[in-house]
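Every number in this text was worked out from the coordinates using simple rules, so none of it is lab data. Here the structure is a predicted model, which is why all the values come from computation and not from measurement.
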Amino acid sequence: MASEPEKPSDDGKKERSRRPGLAGLFGFASAAAEEEALPAMDLAGGLDRALRRSGAQSKPVETPSPQADNNIREALVAIESALYSIDRVREIVEQAYEVALSAHEAEEPGARALLAESFDELRVSINTVIETVDGRAATLIGKNARQIDVKLGGKAHYSVSPFRLDASSKGLNVTPPRDAFATFEEVNAALDELEAALKKADRAANAYCRDAQFLIARLSSAAAAA
């Protein structure tokens, strides 16, 4: 006989398990299921090799043009800066998840209230990271994030999409614990928000690594053909 699915208890508490270790900046084991896994990549090394190769050529590169070449380099630097900032944001979100999970396991309201304070400090620190990123990363993940259009030469261009990653509803949507985790419903809601935030950060990292792979390949192939 089939067993019935486990239901939340009357106090709103439901089963939660600790998350396995999440992927780092260039690993994608924890990416959302719909995202195709990418191999680990050394973005800084790839960018450095591409720039040194293009700079070592004895004759000018015709495709892309020198201006397009600079556009690609600038976009790659912005992507690299954004990726390192995303890694820091994800680290904070993971810490907040652990705090919320501890609140989920705490029976005493007073203990949950103390954990709610720690949670909110971490939530605010997400905004601090985004507010203090350099202008290159801010272009892609800041509060006024915008698309970067990279001219590749001629009529060809490539677009790098923005991902706003502050804690606001337009970003990662991590809300403050207004009732100090007084109920398990509030704790569960916080855990759900953090899981969604991690997925968005992973989508951003995946997208930017794909962008970087394409642009590095474009820069390298143009240099090799010169």
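Can you tell me how the range 161-219 classifies by the Cα gyration tensor, rounded, prolate or oblate, using a/c under 1.5 as the rounded cut? Taking the square roots of the gyration eigenvalues as a ≥ b ≥ c, the range 161-219 is prolate.
Converting phi to 3J(HN,Hα) with the Karplus coefficients 6.51, -1.76 and 1.60 and the offset θ = phi - 60°, the range 126-143 yields 4, 4, 4, 4, 5, 6, 10, 5, 6, x, 5, 5, 4, 4, 9, 10, x, 5 Hz in sequence order, with x at every glycine or proline.
Around the amide H of LEU152, modelled in the peptide plane, lie the amide H atoms of HIS157, TYR158, all under 5 Å away and 5 or more residues distant in sequence or on another chain.
Scalar couplings 3J(HN,Hα) for the range 206-213, obtained by applying the Karplus form with A = 6.51, B = -1.76, C = 1.60 to θ = phi - 60°, are 4, 4, 6, 5, 5, 4, 5, 4 Hz; x denotes Gly and Pro.
Starting from the Kirkwood radius over alpha-carbon pairs of the range 125-226, derive D by Stokes-Einstein at 37 °C in a medium of 0.692 mPa s and give it in µm² s⁻¹. Estimated via Stokes-Einstein, D reaches 207 µm²/s.
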